Structure formats: structure tokens, C-alpha cells
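The values are calculated or read from the model by the stated rules, or taken from the named source; none is laboratory data. Computed from a prediction, not measured in an experiment: that's the story for all the values here. Please note: Cβ atoms are built from the backbone with ideal geometry, for glycine as well, and neighbour counts cover all protein chains shown.
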Amino acid sequence: MRSKALFNQLRQRVPLISVGVLSADLMSLGSDLELLKRAGVELLHFDIMDGCFCPMMTVGPGFVKAVKTALLKDVHLMIDEPLDKLEDYVAAGADMITVHVESCRHTHRLLQKLGEMTNANDPARGILRGVALNPGTPLETVLPLFDEVEMIFLLGINPGWGGQKFIASTGRRLGQLKEIIATAGREILTGVDGGITQDNISEVAQIGADIIVTGSAVFRGNTPMEGAKFMISAANDGAKGLNADKA
Ligand code: DX5
Ligand code: ZN
């Protein structure tokens, strides 16, 4: 990674929620994003699905670019062989790009290539590189990637749809992943994506998730602003429990 500015900025602010834009009402997206920002949201999560790697199709780089926002763009690529598509997403303003280890033939090369790219919003910021693991993928898969990755996401559901039920073993996997990272003496952000609700976000934050992706839980409540405020405060409560355990 050319610049660690964004990594350092986020590291100090965890836990963070990253709000899934595809759960939003597109007719009121502009004003809703303003309200999310006022609620304290910093990351906007784009779920890119190609109908091949996962069953649904969603949006591409054109949509990512068209969403004009001061929120950081967190792009989750659920597409086959994303290597040649990276440039399009970087040009669209991605600040964070996550790929699935299951979708790339050359994950390491892809991460190296992403590490050489420049953030289109601000060259000094750097682009955070993430890998995501489906619920059935062994955690050890990420070990050889540690030199080339800033974030590791565990999917709490099988990718394809918002609003699915959280797979309970994800919490245990997150704890094991944190141990693997600590044992290796690395500083890598961890995240959980999928199936997060008002009822389980604190628990996930207490296990130590740095970035928690949440789509339907923010947009299905009364207002997105209230939904986001609840999720941020519950994540912070969970993280306080984590820090109390450490002390
Ligand atoms: C699933 C996506 C997730 C998901 C989040 O394939 O990666 O980002 O849509 O939505 P919720 O929070 O509704 O599970
Ligand atoms: Zn996602």
C-alpha cells in the first residue's frame, strides 16, 4: 500500500459500521446519505454481484461512481476473477476494495496490483485492500496474504442477498481469526458482513470486529438515521465490553 493514511485513520476509530447502500431507498438516497453522515456513519458499503460468483446481480463501477458522497466508499466485489476489473472500481472512487479468496485464481497478485494503485479521491489516502471469506472457507487461507492485506472480512451469511439469518459459527470464526492475526504479530482490521441485526451487533463488536457491515438493519427501521445511530451505539457498547475484558 502506498499510503497508510486511511488505514491509520480508521484503525483509531473502530468499531465502525459500513452501511450497505443497496438496502437503501434509491429514491431518497441523497438525503438519506446526508442523514447517515450526521448520525456518524463514515463508510458506505457497495455489494457488487455478477450473477456468477454469487446468484444475484447488482451494480457495477458506474453506480459506485454515480453516488457522490463524502462517505468513504467500501466496495465488496462478489464477482468472478476481479483482477481486471480493479481499475474501474478505483476510477469510480473506491477507498476500500475487498475481494473473495474463492473468486480469484491469483489473489496474491491481485492484492499486489491493488497496492500499487492510487486513490482517485485523494492520492495521499491510499486504498485499503480487503479479502473476504465465505462461511465455508478455512481461515488459514488468509495466512499467505498477510503482507498484502489491510482488512479481512468474514461473511456471516452465504453471499447473494441482504436480510439473511446470521450463521452462528461466524462469531467463533472471528475469535479464531483475531487469534491468528495476533499470533502472527500483525495489524490487520477484521470485519463481519451479512446477517447483522440490532440484536447481534454488540456481540460481534465484543468479539472484536473492527468494521461491521449492516444493510437491512439500518434501512428497515423507522428511519435510516435512527437505525444507524442504534447500530453505532450498540457496536460501541460491545467494543467497550471487549476493552474491559482486555484491561
Ligand atoms: C451479502 C452482502 C452483504 C449483505 C448485508 O451478499 O455481502 O453486504 O447484503 O446485508 P444485511 O445487513 O441485510 O445482511
Ligand atoms: Zn457486502
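Among the residues that make up the range 215-224, is at least one of them modelled with pLDDT under 95, surrounded by fewer than 16 Cβ atoms within 10 Å (Cβ to Cβ) and either closer than 23 Å to LEU145 by Cβ or of a type in the set (D, E, K, R) (or both)? Within the range 215-224, one or more residues are modelled with pLDDT under 95, surrounded by fewer than 16 Cβ atoms within 10 Å (Cβ to Cβ) and either closer than 23 Å to LEU145 by Cβ or of a type in the set (D, E, K, R) (or both). One residue alone among LYS240, LYS165 is loosely packed, with under 15 Cβ neighbours inside 10 Å, within 16 Å of ligand 1 (Cβ to nearest atom) and either within 16 Å of the chain's Cα centre (by Cα) or charged (D, E, K, R) (or both), and that residue is LYS165. Could you tell me which numbered condition ASP122 fails, if it satisfies all but one of (1) touching an Asp or Glu at 6+ places or on another chain (Cβ under 9 Å); (2) among the acidic types (Asp, Glu); (3) surrounded by fewer than 12 Cβ atoms within 10 Å (Cβ to Cβ)? So ASP122 meets the others, but not (3). Cβ-Cβ distances below 7 Å connect the following pairs, each with a first residue in the range 179-208 that is more than 16 Å from ligand 1 (Cβ to nearest atom), a second residue that is modelled with pLDDT under 95 and not aromatic (Phe, Trp, Tyr), and a separation of six or more residues or different chains: GLN206/GLY241; GLN206/LEU242; GLY208/LEU242. Filtered by the rule that a residue be more than 12 Å from ligand 2 (Cβ to nearest atom) and part of a loop (DSSP other than H, G, I, E, B), the range 190-231 gives THR197, GLN198, ASP199, ASN200, GLY208, ALA209, ASP210, ARG220, GLY221, ASN222, THR223.
Scan the range 50-98 for residues that are of a type in the set (Asp, Glu) and either within 17 Å of the chain's Cα centre (by Cα) or under 21 Å from LEU10 (Cα atoms) (or both) and the total you get is 2. When you look at SER28, is it under 22 Å from HIS100 (Cα atoms) and of a type in the set (S, T, N, Q), yes or no? Here the answer is no, as SER28 does not meet what is asked. When LEU72 is tested against (1) crowded, with 21+ Cβ neighbours inside 10 Å; (2) of a type in the set (A, V, I, L, M, F, W, C); (3) within 14 Å of ligand 1 (Cβ to nearest atom), exactly one condition is not met: (3).
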